[in-house]
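Okay, here's the structure, questions in a sec.
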Amino acid sequence: MHAQRKPRCGVCGRPAPGYDASPGRLWRHLALGQTIFWLHYAPRRVHCREHGVRVERVAWAAHDSSFTRAFEELVAWQAQRLDKSSICRLLGINWRTVGTIIERIVEERLSPGRLEGLQIIGVDELGWKAGHKYVSLVVDHLRSRVVWVGEGKNEETLDAFFDELGEERTKELTHATMDLSAAFSKAVGNRAPHVRKVFDRFHVQKLANEALDTVRRQEVREQAGSQEGKALKQSRWALLKNPWNLTVRQGEKLSELKKTNQTLYRAYLLKESLARGMDYVQPKRASEHLDKWCQWASHSRLAPFAKLAKTVQRHKDGILAYVETGLSNGVVEGINNKIRALSRRAYGFRNPKAFRAMILLCCGGMEFTPPLPVAA
Ligand SMILES: [Zn+2]
């Protein structure tokens, strides 16, 4: 390998006077069959005005990396497509090294343009390491991709996103979809008060399902030992399903319930009615329906639904925003499912930074061009 004529600082790339020589080093390059190619070179050290004594910049590798750029490009490309053990076998490196390489290449190549022109964003959180750690995501609805990942899941986490986005770009935002958790809602309210919050209807329905299930379990406990209690125990799926998805048997179960347990049947109707309220096309109609629903629920003598009524009342504007816009967190959830699969792979990574890099690598619309064979 020939040295560049004038050495440059490895950190900033500016020309700098040579300082001394360093012993030769090896860079791992691509492989041909079972043969791995290594580059050998003795880089000089330079004295940079800003960074002091540093190893000179080399054209074939990132500073501080012992892999060539071509090799790292291949690692990133494979990590977007292959499972963990395939990558490790094909490249002959361990998984942590893959994590380190991905972290560096994503940091270097992440386009600042991804935060330009954002209008509709979705925010969500995701557990990692069996729920001991969390990352928060910001998704661009229009381009269906992850544009930002932060560690944690509280208000401050999302604050960091707005810090990076800056005031000008924040002004361009119009809508933010999210579930009903308070942290994100607060952050958006503080940092981008003009943005319309859109609460995910499926999360609202999930809360109704949970309320219904709480009522069912209470009834099961009260009827324990009796024939009816046993029947209630088996009614779970009939109750939680949408009516049009019920099997004949489940439909029968439900009509039976109507006669035998009015409390639980009332809870069922409340759950269904809330969902129907969000089916309206006209926000005004939906608004009236939700008001009536909240009244009904709070007087239903079913504590879980009375509680839900308060939640719905508090988030009504954001729920109506769903009716108005039809935006759900669906895009975000879809990406989340993909990331959940990634998180199992990322389990072996040392730190959340590598997980973050993996998410941006696979769901951030990044492209890599490894040296692949070209037909002659
Ligand atoms: Zn420098």
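FYI, it's all coordinate maths here, none of it is from the lab. Just so we're clear, the structure is a prediction, and the values are computed from it rather than from any experiment. All Cβ positions, glycine included, derive from the backbone under ideal geometry; neighbour counts span all protein chains shown.
Take F202, project a point 7 Å from its Cα along the Cβ direction, then tell me which residues of segment 310-348 have their backbone nitrogen under 12 Å from it.
So the set is 328-338.
Then there is this: Can you tell me the FRET efficiency between A42 and F368 if r is taken as the Cβ-Cβ distance and R0 is 22 Å, rounded to the nearest 0.05?
0.15
Taking the chain as the reference, fit the longest principal axis to its C-alpha atoms, fit the long axis of helix 155-172 to the helix C-alpha atoms, and give the angle between the two in degrees, 0 to 90, nearest 10.
Computed tilt is about 80 degrees.
Which net charge results for the neighbourhood of L74, defined as the other residues with beta-carbon distances under 15 angstrom from its beta-carbon, given Lys and Arg at +1 and Asp and Glu at -1?
Spelling it out: positives minus negatives among the neighbours equals +3.
Another question, if that's okay. Could you tell me the calculated FRET efficiency between D83 and V53, based on Cβ-Cβ distance and R0 = 45 angstrom, to the nearest 0.05?
Step by step, r from the Cβ atoms, then E = 0.60.
For the pair A306 and Q227, what calculated FRET efficiency results from E = 1/(1 + (r/R0)^6), where r is the Cβ-Cβ distance and R0 = 25 Å, to the nearest 0.05?
In this case the efficiency is close to 0.25.
Angle, helix 316-325 long axis vs. longest principal axis of the chain, Cα atoms, 0 to 90°, nearest 10?
Its long axis makes an angle of about 70 degrees.
Can you put K271, K258 in order of Cβ neighbours within 10 angstrom, beginning with the fewest?
Least crowded to most crowded, the residues run K258, K271.
What nm value, rounded to one decimal, do you get for the distance between D64 and Q295 when each label is placed 7 Å out toward the C-beta?
Going from the D64 label point to the Q295 one covers 6.5 nm.
Checking the cross-link filter: which lysines have an alpha carbon closer than 16 Å to that of K292, excluding same-chain neighbours under 8 positions apart?
K271, K284, K307, K310, K316
Continuing with this model, one more query. How do C88, C12, C294 line up, fewest other C-beta atoms within 10 Å first?
Listed from fewest to most nearby Cβ atoms, that is C12, C88, C294.
Right, next: Mind giving me the nanometre distance, one decimal, between the label points for Q250 and S273, set 7 Å out from Cα along Cα→Cβ?
2.2
Hey, what did segment 201-325 get for relative contact order, percent, Cα under 8 Å, at least 6 apart?
This gives 27 percent for segment 201-325.
May I pose another question? Would you kindly state how much longer the chain becomes between S111 and E164 on full extension, computed as 0.36 nm times their sequence separation minus their alpha carbon distance, in nm to one decimal? Walk me through the numbers before you get to the answer.
Working: separation 53, 0.36 × 53 = 19.08 nm, distance 1.32 nm.
Full extension of this stretch gives 17.8 nm more.
Report the residues of segment 208-226 in range of a label on A182: point 7 Å along Cα→C-beta, backbone N strictly under 20 Å from it.
In segment 208-226, the label zone of A182 (backbone N under 20 Å from the point 7 Å along Cα→Cβ) covers 208, 211.
Quick one: net charge around G365, please, counting Lys, Arg +1 and Asp, Glu -1 for every other residue with C-beta under 15 Å from its C-beta. Don't skip to the end; give the middle numbers.
Numbers: positive: R81, R109, R114, R143, R145, K338; negative: E116, D140, E367.
With Lys, Arg at +1 and Asp, Glu at -1, the neighbours total +3.
Quick one: Debye curve from the alpha-carbon atoms of the chain only, equal weights, vacuum; give me log10 I(q)/I(0) at q = 0.06, 0.07, 0.11, 0.12 Å⁻¹ to two decimals.
With no solvent term, the Cα-only Debye profile gives -0.37, -0.48, -0.90, -1.00.
Can you tell me which of D163, D200, D317 moves the most in a GNM of the chain? Springs connect C-alpha atoms under 10 Å apart.
D163
Identify which of E73, E108, E210 has the largest mean-square fluctuation in a Gaussian network model of the chain, with springs joining Cα atoms closer than 10 Å.
Looking only at E73, E108, E210, the biggest GNM fluctuation is shown by E108.
I've got another one for you. Calculate how steeply helix 262-277 sits against the longest principal axis of the alpha-carbon atoms of the chain, using the helix alpha-carbon long axis, and give the answer as 0 to 90 degrees to the nearest 10.
50
Can I ask one more? Pick from S111, S22, S144: which residue has the top mean-square fluctuation in a GNM of the chain where Cα pairs under 10 Å get a spring?
S22
Right, something else. Let me check against my output: what whole-number percent is the relative contact order of the chain, with C-alpha pairs under 8 Å and at least 6 apart? If you can, show how the numbers build up before the last one.
On the way: 556 pairs, mean separation 62.9, N = 376.
Computed value for the chain: 17 percent relative contact order.
I've got another one for you. Sum up the charges of everything whose Cβ sits under 12 Å from the Cβ of Q282, counting Lys and Arg as +1 and Asp and Glu as -1, but leave Q282 out.
-1
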